[in-house]
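Okay, so here's the structure we're looking at.
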Amino acid sequence: QPILAIQHLEKKYGTTNVLKDINEVVAEGQVICVIGPSGAGKSTFLRCLNLLEQPTSGEILYKGENITRFDRTQLSQYREKVGMVFQNFNLFPNMTVAQNLMLAPQRVKKESEGDARKSALLLLDRVGLRKMADRYPEQLSGGQKQRVAIARALAMNPEVLLFDEPTSALDPEMVGEVLQVMQELAEDGMTMVVVTHEMGFAKKAADRVWFMADGYVQENGTPQQVFDQP
Ligand code: ADP
Ligand code: ADP
């Protein structure tokens, strides 16, 4: 059974049909890179996967359960399991890096401050930022902020991570360090759906590439199949 199955997914804004009959599956441990021109619907698609947007019709099954019918409690549990990393980091500016990572484990999982801090420091090690634990987001570079955002998503011990153009807001010299962290997650077996314009990353890290245009997944293949066409 796939971890995510998308069936006849459609999203309309008014009369504009932005997603048109999307049917795809994500297997556990897979890295899916979603590519395609601006306006194709990639971001809307990803937001539907986290129900930040409500689909107009169709189903999204998480381990066989239709998430579009979840009540509030089920939805918040789902969002613990399916984390999201945004283009603009969305860190809490008035909290330190460590506090950003500790917030959800303390509030949602009722972890003690000591345990949450311990886990936070381990996660910061993993993204190479332990020494930044007590800084504030504004004191970090864009690449560091995004690595903190990834660590924060990991703090809930998710089964799937969704990335919405995670390197698009970064200065070019910072892109590599974020992609490196994502590559390591992929190698560790994390299931990931990544909307990206980084074709090098897609070639190297993706198990499947979904090429979206005009509201459809027009191609679904291995990087080789999608990129090395005659
Ligand atoms: P199309 O939509 O182009 O007709 P599919 O989306 O059904 O094609 O995918 C083509 C092939 O790839 C099918 O054999 C399908 O089972 C397989 N496939 C689709 N999505 C995945 C995925 N995420 N991982 C592995 N195989 C997949
Ligand atoms: P992509 O991520 O591939 O660039 P988006 O999902 O951001 O594409 O947008 C797809 C289309 O949906 C675009 O034409 C965009 O203008 C439209 N769109 C996105 N969000 C909204 C919204 N909240 N209201 C109306 N139209 C929207």
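The rows are residues; the columns are (1) more than 16 Å from ligand 2 (Cβ to nearest atom); (2) not in a helix (DSSP H, G or I).
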residue	(1), (2)
Met95	yes, yes
Ala98	yes, no
Arg117	yes, no
Gly128	yes, yes
Arg147	yes, no
Thr167	no, yes
Glu184	yes, no
Lys204	yes, no
Condition check for Leu46: within 12 Å of ligand 2 (Cβ to nearest atom), surrounded by 14 or more Cβ atoms within 10 Å (Cβ to Cβ) and within 18 Å of the chain's Cα centre (by Cα)
yes
Determine if the stretch 154-171 includes at least one residue that is over 29 Å from Leu4 (Cβ atoms), buried (at least 21 other Cβ atoms within 10 Å of the Cβ) and among the polar types (S, T, N, Q).
no
Looking only at the stretch 18-31, and only at residues there that are more than 6 Å from ligand 1 (Cβ to nearest atom) and not basic (Lys, Arg), the one that is nearest to the chain's Cα centre (by Cα):
Val31
How about the stretch 206-223: which of its residues are closer than 16 Å to Asp164 by Cα and either buried (at least 21 other Cβ atoms within 10 Å of the Cβ) or out of contact with any helix residue (DSSP H, G or I) (no Cβ under 7 Å at 6 or more places or on another chain) (or both)?
Ala206, Val209, Trp210, Met212
Please state which of the following conditions Leu51 fails to meet, knowing it meets all the rest: (1) touching a residue at least 40 places away in the same chain (Cβ under 8 Å); (2) assigned to a loop (DSSP other than H, G, I, E, B); (3) more than 19 Å from Thr196 (Cα to Cα); (4) more than 15 Å from ligand 1 (Cβ to nearest atom).
(1)
Identity of the residue in the stretch 55-73, within 19 Å of the chain's Cα centre (by Cα) and free of Cβ contacts under 8 Å to residues at least 24 places away in the same chain, that ends up surrounded by the fewest Cβ atoms within 10 Å (Cβ to Cβ)
Thr68
Report whether or not Arg126 is of a type in the set (D, E, K, R), over 20 Å from the mean Cα position of the chain (by Cα), within 22 Å of Gly83 (Cα to Cα) and away from ligand 1 (no atom under 15 Å from the Cβ).
no
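Do we have any residue at all in the stretch 218-230 that's of a type in the set (Phe, Trp, Tyr) and within 15 Å of the chain's Cα centre (by Cα)?
Let us first name the residues in the stretch 218-230 that are of a type in the set (Phe, Trp, Tyr), namely 227.
Pick out the ones that are also within 15 Å of the chain's Cα centre (by Cα) and you get none.
Scanning the stretch 218-230 turns up no residue that is of a type in the set (Phe, Trp, Tyr) and within 15 Å of the chain's Cα centre (by Cα).
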Inter-residue pairs, beta-carbon under 7 Å, first within 21 Å of Val160 (Cβ to Cβ) and outside any strand (DSSP E or B) and in the stretch 25-39, second within 11 Å of ligand 1 (Cβ to nearest atom) and of a type in the set (Val, Ile, Thr), 6+ apart:
Ala27/Ile3; Glu28/Ile3; Glu28/Thr191; Gly29/Thr191; Gln30/Thr191
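Read-outs: derived from the displayed coordinates by stated rules, not from any lab. Note that this is a predicted model, so its numbers are computed, not measured. In this analysis, Cβ positions are derived from the backbone assuming ideal geometry, glycine residues included, and neighbour counts consider all displayed protein chains.
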